[in-house]
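The values are calculated or read from the model by the stated rules, or taken from the named source; none is laboratory data. This is a predicted model, so every value here is computed, not measured. Cβ coordinates were reconstructed from backbone atoms using ideal geometry, including for glycine residues, and neighbour counts include every protein chain displayed.
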């Protein structure tokens, strides 16, 4: 397989047509010091009933990517290039009104991180669910009420007849997130974006919510784009993974492969920092250095100042993307033996062991 | 507000302020008025209380329309309106600045102790604030000005004493916010004295909103002084003030036929207050990284 | 909700006591002997002392305060020095006129101020926004007496569209509907002058609230649901932005009463403000104090009402 210049094809060769296709998406942000790329050349496909996780630290561009798909970027953010296909239609070519009318809330919905602030404090939860149905399906209030009630049941809210009449602040965090999910589900969209939906919740509630999402995916045949910084969650829920660093996809592939044989030095480092049960080290390793600010990105490969395998060329130009097995990696280490030869830093042995600093 | 290093915070604010055209224009106009007030004797063609006579006659040259000799004509007593206008800037600015100094000192002090100590101190002072703000400002001002013999100092004291409440509320709110910051909690835990924490840690952190409040307060003080003087309980004749220069316009004759007497002082008053508000808005936007 | 209202009511008790104490202190500080007006050479010092005793002027201050309060709650504010008119009578005569004027200005402030603020916020950084924002700043910055004089000059004297002052055309002797129309005709200019500053502050406040709310997460959620702009702005943003606006219902009352002093004096509107101005000129401290006390109480009630309204419109407090 030849290295493509910017982006690899779908990580999983498949006959299914993707529901969501992002091609070469770039977003710039205007700051006081000028215009900067928040994400660059993002491409991926999302297929029916699959969960694709986007993983990265804060500032990696994972949230910007999901907000760009929803066209909800902040005022100072702008999509500078790329295409976003939903049902073979480039939604970036539609008018704002068309996007509101036929895409958002209908074909794609989004669950946000903080259910307290993401719900309108002065509207009853029922009203907030019903308005989407009324808007997109032209249902009467009575019909919408019935659907909303039913959806609240589906997401496991006890005594929904009472809850539907309550305000967000009267519900617990977990209940609020269930309401958010119900809001996203109520029009039965084919695609759901979940932006760190469990970050604000404690661990037991998190497990319940993830379980719920998993079940709903089966029932509603939805595809989920799951944005998170938590690798444990990824292992639980995702089929495929995209690892982002500094606004770029640096590795992507099926979740099993990435967890088994991570390729990019950053992915390796990230996995090593992951707390797990069979890891009896008290001290978790960390990747040295910090994520550079959007305004101060290094030249060449953005990761090279923190990378133990950095070569002279890493500081000069940005590496292309190479296909290694099922995985696509944006790293010069895989330039020569892009196909199959596992010469890169492994996780169990080889140079990968020196990848992380303990402490 | 996140914890910027102090200098970079003010540098950023300055940069943002410079980009705001209206604020820069406002600052320039304000500066112009300050210069006018300081150098009034050099700019004004006559003394503000100098009486003029009709040429060759022993009669005051009252209500003379604008001419070469009197750019803006003369008023009801035959004084040069233009000169009074320029000296009026002095009076207006002095009253406003001194009054704001008083209200800022009182307001900041009360805001700091109520915000910092909370509990009973807070409850008592906040009720006092409630009492004071229940009286319409002008009512209190009028009461104070009528009790005491009207003079420029009474006006300054009255405005200062009446308008500290908004500063106190603002500072209190800011202190409550800043108190939550980690390093102040830490300073507290380390047993630093209250006075030290207030002066070294809290005050520098809330300086920006106080500066905005001082600016807005100055504009409001100018308006209060003008209203009081217009009603006859502020700055008294013969001292010129932009407010008392408009008193004559309550006469129908002056209002209808002699616009040179009342329009210029009204316009300069509006211009200065507007300019200061532009500066205040500019400062607020510059200090608030959210915008 | 009931608990919240009860708490607010309880908190206002010390405030109202404070208001009366402050009024009393100001009154006691006013120069001159209340009996000075009655002094005539034929009354001996002994007789004067007897009347002082009778009036309670020799009592300790707090006894005087309680006696005074006792009278005040019965609506008795004493008599004027000159002419010996009942102060309550004078005020009652003028209170309705002031209420007509301030209430009209109050309604105007919000009916105009809120939409102006919303439009400016929705059209942020456009010419419409700049224009409205500039207008609001001018409204806040212009001395109200100067604006009043300008309005009289142009609309009454130059254009002759409205009367230059007063509340009714006395000579015409209107009754019924004609009377109402006449009052309305006289009311328009002073109501506009009185409300201008308030329109400006309400619109500035509404604009900045609206801008804050439009940045909230739940607005992003509403957009993500594919709602129309209209629903996002009016159903989700506007209603949230309106809640804090309720608090300035209360705050605008003292502002309007202050303004009434000036507006009434410029327009010869026969209200409490004009009475106050006359009282200042004649050094009628009794009237000034009574006006102070009455308006302070009205302001307090206004604040209380807006706090309760706040609780009604905000479900987070309601529960």
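Name, by its number, the condition in (1) surrounded by fewer than 21 Cβ atoms within 10 Å (Cβ to Cβ); (2) more than 11 Å from every other protein chain (Cβ to nearest Cβ); (3) in a helix (DSSP H, G or I) that does not hold for residue B:191.
(3)
When the residues of region B:121-142 are narrowed to those that are in contact (Cβ under 8 Å) with a residue 40 or more places away in the chain and closer than 14 Å to residue C:299 by Cα, which ends up farthest from the other protein chains (Cβ to nearest Cβ)?
It comes out as B:129.
Could you tell me which residue of region C:67-99 is farthest from the chain's Cα centre (by Cα), considering only residues that are farther than 24 Å from residue C:254 by Cα and surrounded by 14 or more Cβ atoms within 10 Å (Cβ to Cβ)?
This residue is C:81.
Would you call residue B:238 closer than 23 Å to residue B:49 by Cα and surrounded by fewer than 24 Cβ atoms within 10 Å (Cβ to Cβ)? Talk me through it step by step, then tell me what you get.
Working: closer than 23 Å to residue B:49 by Cα: yes; surrounded by fewer than 24 Cβ atoms within 10 Å (Cβ to Cβ): yes.
Spelling it out, residue B:238 is indeed closer than 23 Å to residue B:49 by Cα and surrounded by fewer than 24 Cβ atoms within 10 Å (Cβ to Cβ).
Identify, by number, the condition in (1) modelled with pLDDT under 90; (2) away from chain C (no Cβ under 12 Å); (3) surrounded by fewer than 24 Cβ atoms within 10 Å (Cβ to Cβ) that residue B:155 doesn't meet.
The number of the failed condition is (3).
Any residue at all in region C:298-308 that is over 16 Å from the mean Cα position of the chain (by Cα) and more than 8 Å from every other protein chain (Cβ to nearest Cβ)?
Residues of region C:298-308 over 16 Å from the mean Cα position of the chain (by Cα): C:307-308.
Restricting the remaining residues to those that are more than 8 Å from every other protein chain (Cβ to nearest Cβ) gives C:307-308.
The answer is yes, given that some residue of region C:298-308 is over 16 Å from the mean Cα position of the chain (by Cα) and more than 8 Å from every other protein chain (Cβ to nearest Cβ).
Within region C:220-227, is there a residue that is without any contact (Cβ under 8 Å) to a residue 60 or more places away in the chain, over 30 Å from residue A:188 (Cα atoms) and buried (at least 21 other Cβ atoms within 10 Å of the Cβ)?
Of region C:220-227, the ones without any contact (Cβ under 8 Å) to a residue 60 or more places away in the chain are C:220-227.
Narrowing further to those that are over 30 Å from residue A:188 (Cα atoms): none.
No: region C:220-227 contains no residue that is without any contact (Cβ under 8 Å) to a residue 60 or more places away in the chain, over 30 Å from residue A:188 (Cα atoms) and buried (at least 21 other Cβ atoms within 10 Å of the Cβ).
Give region A:234-277 a look and list any residue that's in contact with a strand residue (DSSP E or B) (Cβ under 8 Å, 6 or more places away or on another chain) and part of a strand (DSSP E or B), or say none.
A:240, A:241, A:242, A:243, A:244, A:248, A:249, A:250, A:251, A:252, A:253, A:254
Among the residues of region C:262-297 satisfying the criterion of being without any contact (Cβ under 8 Å) to a residue 12 or more places away in the chain and within 11 Å of another protein chain (Cβ to nearest Cβ), which is surrounded by the most Cβ atoms within 10 Å (Cβ to Cβ)?
Checking each candidate, the answer is C:280.
Could you check residue B:148 against (1) within 14 Å of chain C (Cβ to nearest Cβ); (2) closer than 30 Å to residue B:237 by Cβ; (3) buried (at least 19 other Cβ atoms within 10 Å of the Cβ) and say which number it fails?
So residue B:148 meets the others, but not (3).
Residue under question is residue A:96, and the condition is that it be at negative phi and buried (at least 20 other Cβ atoms within 10 Å of the Cβ); does it hold? If you could, list the steps in order and put the result at the bottom.
On the way: at negative phi: yes; buried (at least 20 other Cβ atoms within 10 Å of the Cβ): no.
The answer is no for residue A:96.
Take the conditions buried (at least 19 other Cβ atoms within 10 Å of the Cβ), more than 7 Å from every other protein chain (Cβ to nearest Cβ), more than 30 Å from residue B:111 (Cβ to Cβ) and modelled with pLDDT of 85 or more and apply them to residue B:229. Does it pass? Lay out the reasoning, then the answer.
On the way: buried (at least 19 other Cβ atoms within 10 Å of the Cβ): yes; more than 7 Å from every other protein chain (Cβ to nearest Cβ): yes; more than 30 Å from residue B:111 (Cβ to Cβ): no; modelled with pLDDT of 85 or more: yes.
When the stated conditions are applied, residue B:229 does not pass them.
Can you confirm whether region B:208-224 contains a residue that is surrounded by fewer than 23 Cβ atoms within 10 Å (Cβ to Cβ), away from chain C (no Cβ under 14 Å) and free of Cβ contacts under 8 Å to residues at least 40 places away in the same chain?
No, that holds for no residue.
If I filter region C:280-297 for residues that are over 25 Å from residue B:149 (Cα atoms) and modelled with pLDDT of 90 or more, do I get at least one hit?
Looking for residues that are over 25 Å from residue B:149 (Cα atoms) and modelled with pLDDT of 90 or more, one finds none in region C:280-297, hence no.
Might you check whether a residue that is modelled with pLDDT under 85 and facing chain C (nearest Cβ under 9 Å) occurs anywhere in region B:242-251? Don't jump to the end; show me each part of the working.
To start, the set of residues in region B:242-251 that are modelled with pLDDT under 85 comprises B:248-251.
With facing chain C (nearest Cβ under 9 Å) added as a condition, the list becomes B:249-250.
Yes, because at least one residue in region B:242-251 is modelled with pLDDT under 85 and facing chain C (nearest Cβ under 9 Å).
Among the helices (runs of 4 or more DSSP H) confined wholly to region A:71-173, which include 1 or more residues that are within 12 Å of chain C (Cβ to nearest Cβ)? Walk me through how you get there before you give the answer.
On the way: elements: A:96-102, A:115-118, A:125-137, A:141-154, A:160-163.
Passing ranges, in order: A:96-102, A:115-118, A:125-137.
Identify, from the list C:158, C:151, C:138, the residue that is within 20 Å of residue B:263 (Cβ to Cβ) and facing chain B (nearest Cβ under 7 Å). Write out each step before concluding.
Working: C:158 fails: facing chain B (nearest Cβ under 7 Å); C:151 fails: facing chain B (nearest Cβ under 7 Å).
Among C:158, C:151, C:138, only C:138 is within 20 Å of residue B:263 (Cβ to Cβ) and facing chain B (nearest Cβ under 7 Å).
Among the residues of region B:146-173, what is the count of those that are part of a helix (DSSP H, G or I) and over 22 Å from the mean Cα position of the chain (by Cα)?
Residues meeting the conditions: 2.
Residue-wise test of (1) farther than 30 Å from residue B:118 by Cα; (2) assigned to a helix (DSSP H, G or I).
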| site | (1), (2) |
| --- | --- |
| B:210 | no, yes |
| B:224 | yes, yes |
| B:228 | yes, yes |
| B:238 | yes, no |
| B:276 | yes, yes |
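Which count do you get for residues in region A:81-92 that are surrounded by fewer than 14 Cβ atoms within 10 Å (Cβ to Cβ) and either at pLDDT 90 or above or under 19 Å from the mean Cα position of the chain (by Cα) (or both)?
The number of residues fulfilling the criteria is 2.
Out of B:266, B:282, which single residue is within 14 Å of chain C (Cβ to nearest Cβ) and touching a residue at least 60 places away in the same chain (Cβ under 8 Å)?
Numbers: B:266 fails: touching a residue at least 60 places away in the same chain (Cβ under 8 Å).
The conditions single out B:282.
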